[in-house]
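See structure below.
The values are calculated or read from the model by the stated rules, or taken from the named source; none is laboratory data. Given the structure is predicted, the values throughout are model-derived calculations rather than measurements. Virtual Cβ from ideal backbone geometry, glycine too; neighbours counted across all protein chains shown. When the accessible area is computed, the model is the full protein with side chains, heavy atoms only, and any ligands, DNA or RNA have been set aside. Shrake-Rupley method; radii C 1.70, N 1.55, O 1.52, S 1.80 Å.
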Amino acid sequence: MTALTRRQLLQRSLLSGAGLFVAFHVPRKARAVPEPAGKQVPHPNAFVRVAPDDTVTVLLAHSEMGQGVWTGLAMLIAEELDCDWSKIHVEHAPAAPVYAHPAFGMQMTGGSTSTWSEFDRYRTAGAMARAMLVDAAAARWKTDPKKLRTESGYVVHGKQRLSYGQLALAAQAQQPPKKVTLKDRKRWKLLGKPTRRLDSPEKVTGKAQFGMDVRFPGLRTALVARSPVFGGKVKSFDAAEAKSVAGVEQVVQIPTGLAVVARDFWSAKRGRDALQIHVDWDLGPGATLDSAALLQDYRDKAKSKGPGIAAQKGDAEAALATAAKRVVAEYDVPYLAHAPMEPLNCAVKLEGGRCEIWTGTQFQTMDQMSAAKIAGVPQENVVIHTQFLGGGFGRRATPSSDFVSEAVHVAKAAGVPVKTVWTREDDIQGGYYRPLFLHRIEVGLDGKGAPVAWKHTIVGQSILAGTPFEQFMVKNGVDATSVEGVTDSPYVEEVPARLITVHSPRTPVPVLWWRSVGNTHTAFAMESIVDELAYAAGRDPLEFRAALLAHKPRHLRALKTAADKAGWAKAPPAGRARGLAVHESFGSIIAQVAEVSVDDDKRIQVHKVTCAVDCGTAINPLGIEAQVQGAVAFGLSAVLHSELTLKDGRVEQSNFHDYRVLRLPDMPEVQVQVLESDAKMGGIGEPATAPISAAVANAVYALTKQRLRSLPLRLAVA
Amino acid sequence: MRLNVNGTAREVDAPGDMPLLWVIRDVLGLTGTKFGCGMAQCGACTVHLDGQAVRSCVLPVSAVAGRMVTTIEGLSPDGSHPVQKAWVEADVVQCGYCQPGQIMSAAALIAHNPSPSDDDIDLALAGNICRCGTYQRVREAVRKAAAQRRAER
Ligand code: FES
Ligand code: FES
């Protein structure tokens, strides 16, 4: 089913009198308190719509970027609505206040929160729609609604049955119920069952529409020439040669550089190539940036405690001085680009006091606010048509709305509808990276090998400094995303004397959350140092962890399951070794065992990764498995290959030939064991990315006795 | 310039150095073929040229005049190609952006080699990057599709 036919379907249902739609918001803690549904014209604030042709349209408050909300959130509604799964259609919702994230209060997708945050709201929407359909049928049959039941898209009364489509219009006139009771999970038919994706048919035929694919008459394509150095500005330029390229229509100046506006991508690209040699940049202080020097500077900083005190108890220094054994280690990780497969793009049309935007975004509300300011229109006049996202990983959630803001600037300056397109080079060199981080950890062990002192200094840029999130998430100089995974580590919370501090240096490099955010480096540091401690204490890494995690039953269960499934107790095949890691993030716990070997060229090969994941209630186990496999692959890119370096302010990599990522032949067999638990539902898009670095590094150590403390992992070639 | 795209002769007005990818997407409006890198590194732009998988982002359109180009839209009218069916069955896709390219590479592989070994699969799809990391299910789906192809013969 193409995006177009889905839209046509929706239009059909609008024209035909709309049928039933349910619109309301669920106060965060309260039970469902419906707002009255609109009367004639459907209000756009709807989560589910039943049309006279029996189709059920689910409107997604979250963006589908691969993580499977297109299917998972529809399952929540379908379970309670009791509709025919084959009649479900899914749409991205427009940008509107009713679609604000239930936990964050703005429309957005991120933090592995979509499923748990919508668990009640979407189920309630389904239950309300069902109740209204039942009431409509009861009125038709002049009977008590309590005597009716529903069955896969029908309301049934003895031998009589009416389809939801037949009842849709009448249901619209029903009062939404004040309160609905959600099904007990023992009665679930769909939730918890492995369910195939609803977006596969359009994605395997090329019909799925991504932002990149947006086309309409009059839409131009623009490429932007940006400063080769972060923070640089255009000093002067000569656009004559660019304008002489066939197909180039305009060159306009915008805050981030110069946009070459042309009739198609290729003309814009050739125009920009022609322009670039005729731009004089005021590079500014960013021109001296050097990532190797920066890392050295971080190393120096880490020698003294940071100004941000993240956790403090007892006297860590004194406890270190008297400990039976001290282990000191430094771990570092480089800048990384997200490199979603679909390069960034954004189409904008400014017309009649409205700003229309077509893009794949994780941050609708922020984009709306930024666009409104730039376009000079009220926020509600910014219409966002969310397209499928060709990957997000955090890059499409910029607090500054960088790529959307820029596109609005271009459309405004050019006076025509424009789609900005980033090349891969623009993407790799364009900033908003996972920041470079360094951890220095000093641990004191007692005579039995138990940690008694923990001094931990973290150095790296704050992701949230300077953003609207700073006020909530940066406290006393500590950005919560810099320390997540350390301050809340179950290893650390039992240590009697501890000091965790942070240095948050500023650099001109824009930084951003990258799938699993702070955990990308904290899980590497924590699970590596614990492995080092195990060896220092002369204990088995599994047994050592299990002893430290005795107070954490969910961790223990995940750890033991992964170890069992991986055959930890048995020797690995010849030439291979195993390493393990366990980490909690986004409310889920995941344990991983990596089995590795090293080839003749000292390249690390990861053969198998065995995962056990506890994310509380599992809604779609098939989707969970896919997210864990994918997150491991995403993490492995950073473990084995990816690294951005800066020299003279320039990013030295530019495309996939030198910013290398995991390819199919490198993909290990990833086994996923989903552990059901009664714990609060957690997220699943990100958690598996975090510990894989340490699991692999620990396996490499077990095999080679070389402790690798920098990502990507590289063995010394003798 | 005359091209044969998905079995139909098309007259296109484009500079000869324009890569086939942009002719397909911007001139012909077939957007199933994707742009991912522009330098034959990622495979998102994979199409068939006379039945061979090629990277259309580095192929000047002048080089393909008169030859048969098949894009994802032309692989089957309705998603019924064994590779597409196997893809749905194995629940491969995530964001989906790389998938037309993966599918075109896989379809070319099994057309030429109905019994690919695991190494054959790894080799044939090594040029198709998936940032969502769907590789494991890609492998599984290619095996499935090849088996189905063999059964149909
Ligand atoms: S776009 Fe052609 S190989 Fe990447
Ligand atoms: S499915 Fe997203 S890049 Fe492959």
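From the set of residues in segment A:222-251 that are open to solvent by less than 10 Å² (accessible area, probe 1.4 Å) and part of a strand (DSSP E or B), which is nearest to the other protein chains (Cβ to nearest Cβ)?
A:L223
I'd like the residue in segment B:83-107 that is closer than 16 Å to B:I72 by Cα and open to solvent by 10 Å² or more (accessible area, probe 1.4 Å) and, out of all such residues, is farthest from the other protein chains (Cβ to nearest Cβ).
By that ranking, first place goes to B:K85.
Tell me yes or no: at least one residue of segment A:239-251 is closer than 25 Å to A:V651 by Cβ and among the basic types (K, R).
No, segment A:239-251 contains no residue that is closer than 25 Å to A:V651 by Cβ and among the basic types (K, R).
For segment A:62-169, please list each of the strands (runs of 3 or more DSSP E) lying entirely inside it that holds at least 3 residues being of a type in the set (S, T, N, Q) and within 16 Å of ligand 1 (Cβ to nearest atom).
Output list is empty.
Could we say that B:A53 is of a type in the set (A, V, I, L, M, F, W, C), within 15 Å of ligand 1 (Cβ to nearest atom) and open to solvent by 10 Å² or more (accessible area, probe 1.4 Å) here?
Details: of a type in the set (A, V, I, L, M, F, W, C): yes; within 15 Å of ligand 1 (Cβ to nearest atom): yes; open to solvent by 10 Å² or more (accessible area, probe 1.4 Å): yes.
The answer is yes for B:A53.
Give me a count of the residues in segment A:199-221 that are of a type in the set (A, V, I, L, M) and either surrounded by fewer than 23 Cβ atoms within 10 Å (Cβ to Cβ) or more than 13 Å from every other protein chain (Cβ to nearest Cβ) (or both).
2
Given the structure, is B:R139 in a helix (DSSP H, G or I), more than 8 Å from chain A (Cβ to nearest Cβ) and basic (K, R)?
In short, no.
For residues that are among the hydrophobic types (A, V, I, L, M, F, W, C), within 16 Å of ligand 1 (Cβ to nearest atom) and at the interface with chain A (Cβ under 9 Å from one of its Cβ atoms), tally how many sit in segment B:59-82.
1
Any idea which of (1) buried (at least 17 other Cβ atoms within 10 Å of the Cβ); (2) at the interface with chain A (Cβ under 9 Å from one of its Cβ atoms); (3) touching a residue at least 12 places away in the same chain (Cβ under 8 Å) is the one B:T46 doesn't satisfy?
(2)
Would you confirm, using the coordinates I've provided, whether A:L711 is outside the structural domain of A:A329 (by TED's automatic domain parsing), in contact (Cβ under 8 Å) with a residue 60 or more places away in the chain and open to solvent by less than 20 Å² (accessible area, probe 1.4 Å)?
Values: outside the structural domain of A:A329 (by TED's automatic domain parsing): yes; in contact (Cβ under 8 Å) with a residue 60 or more places away in the chain: yes; open to solvent by less than 20 Å² (accessible area, probe 1.4 Å): yes.
Spelling it out, A:L711 is indeed outside the structural domain of A:A329 (by TED's automatic domain parsing), in contact (Cβ under 8 Å) with a residue 60 or more places away in the chain and open to solvent by less than 20 Å² (accessible area, probe 1.4 Å).
Mind checking which residues of segment A:179-198 are without any contact (Cβ under 8 Å) to a residue 12 or more places away in the chain and within 14 Å of chain B (Cβ to nearest Cβ)?
Selection gives nothing.
Please verify whether segment A:673-685 includes one or more residues that are in a helix (DSSP H, G or I), open to solvent by less than 40 Å² (accessible area, probe 1.4 Å) and in the same structural domain as A:R576 (by TED's automatic domain parsing).
No, segment A:673-685 has no match at all.
Being closer than 17 Å to A:Y491 by Cα, outside any helix (DSSP H, G or I) and open to solvent by 10 Å² or more (accessible area, probe 1.4 Å) is the filter here; which residues of segment A:503-560 pass it?
Answer for segment A:503-560, where residues must be closer than 17 Å to A:Y491 by Cα, outside any helix (DSSP H, G or I) and open to solvent by 10 Å² or more (accessible area, probe 1.4 Å): A:A537, A:R539, A:D540, A:A550, A:H551, A:K552.
Does segment B:118-140 hold any residues that are away from ligand 2 (no atom under 11 Å from the Cβ) and polar (S, T, N, Q), and which are they?
Answer for segment B:118-140, where residues must be away from ligand 2 (no atom under 11 Å from the Cβ) and polar (S, T, N, Q): just B:Q136.
Could you go through segment A:467-478 and let me know if any residue there is within 20 Å of A:A302 (Cα to Cα) and at pLDDT 95 or above.
yes
Would you pick out the residues in segment A:348-391 that are open to solvent by 10 Å² or more (accessible area, probe 1.4 Å) and in a loop (DSSP other than H, G, I, E, B)?
Listed by number, the residues that qualify are A:G352, A:G353, A:G376, A:V377, A:P378, A:Q387.
Filter segment A:169-198 down to residues that are surrounded by 20 or more Cβ atoms within 10 Å (Cβ to Cβ) and closer than 27 Å to A:L675 by Cα and give me whichever is nearest to ligand 2 (Cβ to nearest atom).
Only one residue fits best here, namely A:R197.
Within the set of pairs 6+ apart or on separate chains, which have a first residue in segment A:411-424 that is within 14 Å of another protein chain (Cβ to nearest Cβ), a second that is of a type in the set (S, T, Y), and C-beta atoms under 7 Å apart?
A:K419/A:T221; A:V421/A:T221
Only one of these is within 16 Å of ligand 1 (Cβ to nearest atom) and either open to solvent by 10 Å² or more (accessible area, probe 1.4 Å) or among the polar types (S, T, N, Q) (or both): A:N620, A:N655. Name it.
Result of the check over A:N620, A:N655: A:N655.
Take the conditions touching a Leu at 6+ places or on another chain (Cβ under 7 Å) and either crowded, with 23+ Cβ neighbours inside 10 Å or facing chain B (nearest Cβ under 10 Å) (or both) and apply them to A:L640. Does it pass?
No: the conditions fail for A:L640.
Against the definition (small (G, A, S) and over 22 Å from the mean Cα position of the chain (by Cα)), how does A:A96 come out, yes or no?
Taking the combined requirement at face value, the residue does not satisfy it.
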